[in-house]
1. Which number in (1) among the aromatic types (Phe, Trp, Tyr); (2) assigned to a strand (DSSP E or B); (3) more than 17 Å from GLY14 (Cα to Cα) marks the one condition that PHE44 misses?
2. What residue, among those in segment 84-101 that are part of a loop (DSSP other than H, G, I, E, B) and closer than 25 Å to MET1 by Cβ, is most open to solvent (accessible area, probe 1.4 Å)?
3. Looking at segment 68-81, which of the residues that are in a loop (DSSP other than H, G, I, E, B) and open to solvent by less than 50 Å² (accessible area, probe 1.4 Å) is nearest to ALA27 (Cα to Cα)?
4. Residue by residue through segment 30-42, note down the ones that are closer than 14 Å to VAL92 by Cα and either more than 16 Å from the ligand (Cβ to nearest atom) or loosely packed, with under 14 Cβ neighbours inside 10 Å (or both).
5. Can you report the number of residues in segment 43-64 which are in contact with a Phe, Trp or Tyr (Cβ under 9 Å, 6 or more places away or on another chain), closer than 27 Å to PRO104 by Cβ and buried (at least 18 other Cβ atoms within 10 Å of the Cβ)?
6. If you take the residues of segment 50-67 that are near the ligand (Cβ under 10 Å from one of its atoms) and either hydroxyl-bearing (Ser, Thr, Tyr) or part of a loop (DSSP other than H, G, I, E, B) (or both), which of them is farthest from ASP11 (Cα to Cα)?
7. State all residues of segment 1-33 that are under 17 Å from ASP53 (Cβ atoms) and not in a strand (DSSP E or B); if no residue qualifies, say none.
8. Looking at segment 69-95, I want the residues that are touching a residue at least 40 places away in the same chain (Cβ under 8 Å) and have a partner that is outside any loop (DSSP other than H, G, I, E, B) and among the acidic types (Asp, Glu) with Cβ atoms under 9 Å, at least 6 apart or on another chain. Which pairs are those?
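The values are calculated or read from the model by the stated rules, or taken from the named source; none is laboratory data. Just so it is clear, the structure is predicted and the values come from calculations on it, not from any experiment. Reconstructed Cβ throughout: ideal geometry from the backbone, glycine too, with neighbour counts over all protein chains shown. Ligands, DNA and RNA are stripped out before the accessible areas are found, and what is left, the full protein with its side chains, is counted by its heavy atoms. Shrake-Rupley method; radii C 1.70, N 1.55, O 1.52, S 1.80 Å.
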Amino acid sequence: MIRLCAVSDLDDPGSKGFHNERGHLFAVRQGLQVFVYVNSCPHFGINLEWQPDQFLDSEKRLIQCATHGAQFLIETGECIAGPCPGDQLTSVECEVRDGVVYLP
Ligand code: FES
């Protein structure tokens, strides 16, 4: 079990990148929910962000890749716009307990 961060470390909505023994990951918070994905765009297999911790579009409604603008649903990681529609971010199982996000 890895402690990723406190939920309060994430803006609501907001995102944050991590590098740990599971690799490059990022977490997105929406209210009480937190979603974690591998930081690799299914289009080219590269990190999604140019600026640290910036994984969302300007309205903070979708995950957005900085390279060619692919956009993904926060809840499922499915690409709905850009160069790879229908592709998926790789989701990472996580668990929120007592305000802390853990990776089982
Ligand atoms: S690398 Fe992400 S959209 Fe092309």
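1. Of the numbered conditions (1) among the aromatic types (Phe, Trp, Tyr); (2) assigned to a strand (DSSP E or B); (3) more than 17 Å from GLY14 (Cα to Cα), the odd one out for PHE44 is (2).
2. This residue is ASP98.
3. Across segment 68-81, the extreme among qualifying residues is ILE74.
4. GLN33, VAL34, PHE35, VAL36
5. Total meeting the criteria: 5.
6. THR67
7. VAL7, SER8, ASP9, LEU10, ASP11, ASP12, PRO13
8. If the second residue must be outside any loop (DSSP other than H, G, I, E, B) and among the acidic types (Asp, Glu), the pairs left are ASP87/GLU78; GLN88/GLU78; LEU89/GLU78.
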